[in-house]
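The values are calculated or read from the model by the stated rules, or taken from the named source; none is laboratory data. Predicted model only: the values in this text are computed from it and were never measured. Here the Cβ positions follow ideal geometry from the backbone for every residue, glycine too, while neighbour counts run over all protein chains shown. All accessible areas refer to the heavy atoms of the entire protein, side chains included, with ligands and DNA or RNA removed. Shrake-Rupley method; radii C 1.70, N 1.55, O 1.52, S 1.80 Å.
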Amino acid sequence: MDSDVIFLHFLIFTLCTLVKSKSSLCRTSCGDIQINYPFGIDDGCGSPYYRNLLVCSENKHLELRTPSGRYPIRRIDYSDPHILVTDPYMWSCQDGERFRPTRPFSLDTSIHFSLSVQNDYLFFNCSENDVIVEPKPVYCERFPDRCDSTCDSASYLCRHLPECAHALGSATSCCSYYPKATESLRLMLKYCETYTSVYWRNLGVSQTYNTAPEYGIRIDFDIPVTTRCLECQDGSKGGGTCGFDVETHGFSCLCDKGNVTTYCKDHSQHKRSSRVIVGTATAVSVAGAIGIGAGVWYFRKIKAQAPVTHGVQSNENRLF
């Protein structure tokens, strides 16, 4: 087979392989964590409000990307919409009285995430000259807005540290404070050695005490529900996956036969749409088609003009 034909086949094979890898629909899990709408770990999947926020590592570990770093995700709950993340820099039971440098956790306020009010923050060894550390009055439970400036040294969690009630000695002070913003958290850490976050997990039982403390940061999120997304997901209409155009952020229903703006069984849409790829594969396909066309023209020109050398390569017939 001529070298130009071999190279042309190579170009076609490369393009087809690329298209095939890009045309797969959105991944629905990372490790043992399900990835459902509004999230996506492939660009163009889910809602554009949460674009590029979840990262699935090569080891199948799901992480949340925030302005302060990337954090391991322990679970995602879609019925009670929240994400539970862990911060390796926060204090843990294994640290005991060995306090490590930490960094304040923060969220981008422009996205549809918010720190849950079910989080409690414990600060250790705070300077009482700079932080008001004292037991909160009983009325603070009913009127917490009146007690913002106090770090409660008699809180339940300080007296009953989850999983390790006796991890801290008498020389270590502890107080509970809920920062209203990242700036107040940074200010607290300026005067405290370290901190940790405790989330009150719902046990799903109908008892008086139906929550239990668990280390982690609960982040609440919204699920944007639109008629087009519900229609796209409707099994009777094709059971597509809700996504978006990566350039315009406009809605797309991702189907096996291509992307449409309505639902998968809308045949009028498929007649007008070509093979659609999640992310930027459509642009890649166009570029690849142009490249192949140019390659064919180039090889025809070379073949017509190149001198016959009976397989001997010279500077006159060299392709590269």
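The table that follows gives values for the structure above.
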| read-out | value |
| --- | --- |
| Hits in segment 60-80 - residues which are open to solvent by 40 Å² or more (accessible area, probe 1.4 Å) and in contact (Cβ under 8 Å) with a residue 40 or more places away in the chain | Pro67, Arg74, Arg75, Tyr78, Asp80 |
| Segment 95-137 - residue that is part of a loop (DSSP other than H, G, I, E, B), open to solvent by less than 40 Å² (accessible area, probe 1.4 Å) and hydrophobic (A, V, I, L, M, F, W, C) and, of those, modelled with the lowest pLDDT | Ile111 |
| Check on Tyr49, closer than 23 Å to Thr248 by Cβ, among the aromatic types (Phe, Trp, Tyr) and either at pLDDT 95 or above or not in a loop (DSSP other than H, G, I, E, B) (or both) | yes |
| Count - residues of segment 175-186 that are part of a helix (DSSP H, G or I), within 17 Å of Cys126 (Cβ to Cβ) and either within 23 Å of the chain's Cα centre (by Cα) or of a type in the set (A, V, I, L, M, F, W, C) (or both) | 1 |
| Options Ala154, Ala167; residue that is part of a loop (DSSP other than H, G, I, E, B) and under 19 Å from Trp200 (Cβ atoms) | Ala154 |
| Of all residues in segment 187-230 being in a loop (DSSP other than H, G, I, E, B), polar (S, T, N, Q) and closer than 24 Å to Cys164 by Cα, the one that is least open to solvent (accessible area, probe 1.4 Å) | Asn210 |
| Near pairs, Cβ below 9 angstrom, 6+ apart or cross-chain, from segment 243-267 (free of Cβ contacts under 8 Å to residues at least 12 places away in the same chain) to any residue that is in a strand (DSSP E or B) and hydrophobic (A, V, I, L, M, F, W, C) | Gly250/Phe244 |
